[in-house]
1. Give me D for segment 65-184 in µm² s⁻¹, whole number, from Stokes-Einstein with Rh from the Kirkwood sum over alpha-carbon pairs, 10 °C and 1.306 mPa s.
2. Give the residues of segment 144-177 whose amide nitrogen is closer than 13 Å to a point set 7 Å from the Cα of Ile183 in the direction of its Cβ.
3. Excluding Arg143 itself, calculate the net charge of residues whose Cβ lies under 9 Å from the Cβ of Arg143, where each Lys or Arg counts +1 and each Asp or Glu counts -1.
4. What is the set of long-range amide H partners of Ser132 at a cut-off below 5 Å, with H atoms built 1.01 Å from backbone N?
5. FRET efficiency for Asp40 and Tyr93, Cβ-Cβ distance as r, R0 = 45 Å, nearest 0.05?
6. How much length is gained on full extension from Thr30 to Thr129, taking 0.36 nm per residue of separation minus their Cα-Cα distance?
7. Could you list the chymotrypsin sites (Phe, Trp or Tyr not before Pro) in segment 83-148 that lie in coil according to DSSP, counting only those with at most 16 other Cβ atoms within 10 Å of their Cβ?
8. Taking amide hydrogens as modeled 1.01 Å from N in the peptide plane, which residues meet the under 5 Å criterion relative to Tyr44, leaving out close sequence neighbours?
Amino acid sequence: MLLLGRSPSSLKGHGEQERCLKDWRKANVTPVFKKGKKEDPGNYRPVSLTSIPGKVMEQLILGVTNKHVEEKKVLPILEILYHVEERNSYHVYMALIILLILTEDDGFNRSIHEVILKNITWYAERVLTEISLGSLLILVVIRTIQYNMTRTRDKYLHMNCLAALANMSAQFRSLHQYAAQRIIR
């Protein structure tokens, strides 16, 4: 359960609102029996029941946080892969491994298609005025595969790029037209 910190200063002194925020931070923890002897406390797992407003607040905060993380942390990784010919192999491998780990999460694969980016200045092959982070990720990974096939022929780089695409493929949604064309060409 996400625990909200202290209530905002604008709400301090407003007793009812402050009490409401404190209630949102509370959870009723109930032990649920798993298996084995009922007398053994280790055979129970804690389940927390939170309030509906608390759950809504948690999802709002997580949504904002995830979007920030995806946009601010994934873009530099994509930029490293995009400029593969200018980077040493260590940077490329580390960026690809991080990307591969991220793409193992279905939630990540779904949400990257909801983050819309505008004017990606470092992407020079085509002007992309508006594209989802997911479509950009596909374009960069395909470009890295093509670079590898024509120059380095590194089977591990190739395999990891394909694995990242395979991890994401079940969650492809509303792809940018150029990304869809690059997948089939």
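Please treat every number below as a calculation from the coordinates, not as lab data. Model, not experiment: these values are computed from the prediction. For neighbour counting, all protein chains shown are included, and Cβ atoms are generated from backbone atoms with ideal geometry for every residue, glycine included.
1. This corresponds to a translational diffusion coefficient of 112 µm²/s.
2. 165-177, by backbone N distance to the label point.
3. On the way: positive: Arg182; negative: Glu125.
Here the charged neighbours net out to 0.
4. Leu117, His176
5. Values: r = 47 Å, r/R0 = 1.04.
Between Asp40 and Tyr93 the formula returns 0.45.
6. 30.6 nm
7. Numbers: sites: Tyr90, Tyr93, Phe108, Trp122, Tyr123, Tyr147; in loops: Trp122, Tyr123.
When the chymotrypsin sites (Phe, Trp or Tyr not before Pro) of segment 83-148 are filtered for loop state and at most 16 Cβ neighbours within 10 Å, Trp122 remain.
8. Amide H neighbours of Tyr44: Lys34.
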